[in-house]
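Asks: Just dropping this structure here.
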Amino acid sequence: MEQVVRHPGGFPVVGIIGGGQLARMCQPPAVGLSLTLAVLSEGPQAAAALVVPNAPVGAHDDVETVREFARQCDVVTFDHEHVPPEVLAALEEDGVPLHPRPSALRYAQDKLAMRERLGDLVDCPRWRAVGSVDDLAAFGEEIGFPLVLKTPRGGYDGKGVRMVSSADDVADCADWFERAGSDPLLAEEAVDFTREIAVLIARSPSGQAAAWPVVETVQTDGICTEVIAPAPDLDDDLATAATAAGLRIAGELDVTGVMAVELFEVVRDGRPGYVVNELAMRPHNSGHWSIDGSITSQFEQHLRAVLDLPLGDTRARSRWTVMGNVLGGAEPEHAELYGTYKHLLARDPGLKMHLYGKEVRPGRKIGHVTVCGDDLADLRERAAHAAGYLEGTITG
Ligand code: ADP
């Protein structure tokens, strides 16, 4: 691997395993802080490799490759949660400062481990580890249908999540157990939620923690399409309880860096409450609004946290921020994204564009747009318009 070039002045090198959009979005705040990023990238065209000069190509699951990469870095963090335990163990053995540490990261890598660990800390759905259709049927009989069946590892954007509507549906899940082999799956109650919300926390190795305002996340076909910050009409007590839950998880699990907690808002005894859906220990889609909408973005905060620097102010800059995810369109002509700029930027001078340099594939998250202001309905319309125009579903 080529030698990483450092900024003069004693500034550290932050290594990120994985060259996706999260690593890419760390680059602007790294420039501001004069930090050097190094990214272990999947390929020369990966989202982060296009903007970070130190982006050696290498496999995140190859122990020696990752070791060699880490030797050049002062701290190492992650673009995704897929680095295998044996690679993490080797880095720990080498004394590499890893954030989050593998002892915390495992709860974001494995939904069964997460459910087991969080049960005593915060409100969670009822769940069971199931190894067969018979186990699934028994769990359904016990707590009732519908249930949700999940692969504990490697799921994203709703892939790896299946609704099991009734007892008649259980037999159709046989192929899920076949694919899982001897590994159990996670079955949980289908939560009757009013909406999905998320809490974003940053925590440093010395224990300083900060939370952003709780946001609403809107999903379409299992994919997050819109985030509203702060969550409209959120009950004050629920905002406090949800934030406290996030801080508690971060503290108890000794999380370092940014962590997102995805929650379902529910009604319990006539009052708003929450149950925890899942954790991500890295900057997260539900926090992209913070680039334009908060005094400190989640990407800057993640860099500060992993370096154990004081954390920044997490307050919102505007009354409302709306983030719209841009998904790859179905039509190949919409791959020419630059062609949309004249119309979009002229139509809405307040629009902030964040494209990831990714090849357009149908349904793939290729960027996001953000608008900030006072009129929520107007902001939602503008974000949806821009995302739709980029996706090719809106033409005017
Ligand atoms: P992924 O890791 O793919 O993001 P999630 O566990 O977040 O998977 O699930 C994706 C979506 O499926 C959630 O955003 C939610 O809409 C729905 N979902 C997941 N778990 C449940 C559940 N227990 N009850 C109801 N809906 C669920």
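The values are calculated or read from the model by the stated rules, or taken from the named source; none is laboratory data. Please read all numbers here as calculations on a predicted model, not as lab measurements. All Cβ positions, even for glycine, are placed from backbone atoms using ideal geometry, and neighbour counts span all protein chains on display.
Asks: Could you please find all residues in the stretch 65-85 being among the acidic types (Asp, Glu) and either part of a loop (DSSP other than H, G, I, E, B) or within 23 Å of the chain's Cα centre (by Cα) (or both)?
Replies: Answer for the stretch 65-85, where residues must be among the acidic types (Asp, Glu) and either part of a loop (DSSP other than H, G, I, E, B) or within 23 Å of the chain's Cα centre (by Cα) (or both): Asp74, Asp79, Glu81.
Asks: Continuing with the same structure: Test of understanding: among Val39, Val96, which residue is in contact (Cβ under 8 Å) with a residue 24 or more places away in the chain, over 23 Å from the mean Cα position of the chain (by Cα) and not in a helix (DSSP H, G or I)?
Replies: Val96
Asks: So, one more: Would it be correct to say that Pro272 is at pLDDT 95 or above, more than 16 Å from the ligand (Cβ to nearest atom) and part of a strand (DSSP E or B)?
Replies: yes
Asks: Right, something else. Just the residues that are in contact (Cβ under 8 Å) with a residue 24 or more places away in the chain, away from the ligand (no atom under 16 Å from the Cβ) and not β-branched (Val, Ile, Thr), please, taken from the stretch 118-135.
Replies: Leu121, Gly131, Ser132, Asp135
Asks: If we only count strands (runs of 3 or more DSSP E) wholly inside the stretch 308-392, which ones have 2 or more residues that are surrounded by 21 or more Cβ atoms within 10 Å (Cβ to Cβ)?
Replies: In the stretch 308-392, the matching strands (runs of 3 or more DSSP E) lie at 320-327, 365-373.
Asks: Another question about this same structure. Given the conditions (1) more than 10 Å from the ligand (Cβ to nearest atom); (2) part of a loop (DSSP other than H, G, I, E, B); (3) more than 21 Å from the chain's Cα centre (by Cα), report the number of the one that Asp168 does not fulfil.
Replies: (2)
Asks: Ok, one more. Consider only pairs whose beta carbons are under 8 Å apart and that are at least six residues apart or on different chains; among these, list those whose first residue lies in the stretch 244-265 and is on the phi > 0 side of the Ramachandran plot and whose second residue is within 16 Å of the ligand (Cβ to nearest atom).
Replies: Short answer, once both residue conditions are applied: Gly257/Met281; Gly257/Arg282.
Asks: Checking the structure you have, find out if any residue of the stretch 140-163 is modelled with pLDDT of 95 or more, part of a helix (DSSP H, G or I), surrounded by 17 or more Cβ atoms within 10 Å (Cβ to Cβ) and more than 10 Å from the ligand (Cβ to nearest atom).
Replies: yes
Asks: Mind checking whether some residue in the stretch 101-109 is away from the ligand (no atom under 13 Å from the Cβ), part of a helix (DSSP H, G or I), among the basic types (Lys, Arg) and under 29 Å from Ala260 (Cα atoms)?
Replies: Yes.
Every residue, every condition in (1) within 16 Å of the ligand (Cβ to nearest atom); (2) hydroxyl-bearing (Ser, Thr, Tyr); (3) crowded, with 21+ Cβ neighbours inside 10 Å; (4) part of a strand (DSSP E or B), yes or no:
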site: Leu234; (1), (2), (3), (4): no, no, no, no
site: Leu238; (1), (2), (3), (4): no, no, no, no
site: Thr243; (1), (2), (3), (4): no, yes, no, no
site: Val255; (1), (2), (3), (4): no, no, yes, no
site: Ala260; (1), (2), (3), (4): yes, no, yes, yes
site: Leu263; (1), (2), (3), (4): yes, no, yes, yes
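Asks: Let me ask you something else. For the structure I just gave you, tell me whether Val51 is assigned to a loop (DSSP other than H, G, I, E, B), touching a strand residue (DSSP E or B) at 6+ places or on another chain (Cβ under 8 Å) and of a type outside the set (Gly, Ala, Ser).
Replies: no
Asks: How many of the residues in the stretch 175-189 are more than 12 Å from the ligand (Cβ to nearest atom) and surrounded by 12 or more Cβ atoms within 10 Å (Cβ to Cβ)?
Replies: Count: 6.
Asks: Also: Can you work out which of the residues in the stretch 190-224 that are under 16 Å from His368 (Cβ atoms) and within 11 Å of the ligand (Cβ to nearest atom) is surrounded by the fewest Cβ atoms within 10 Å (Cβ to Cβ)?
Replies: The selected residue is Thr220.
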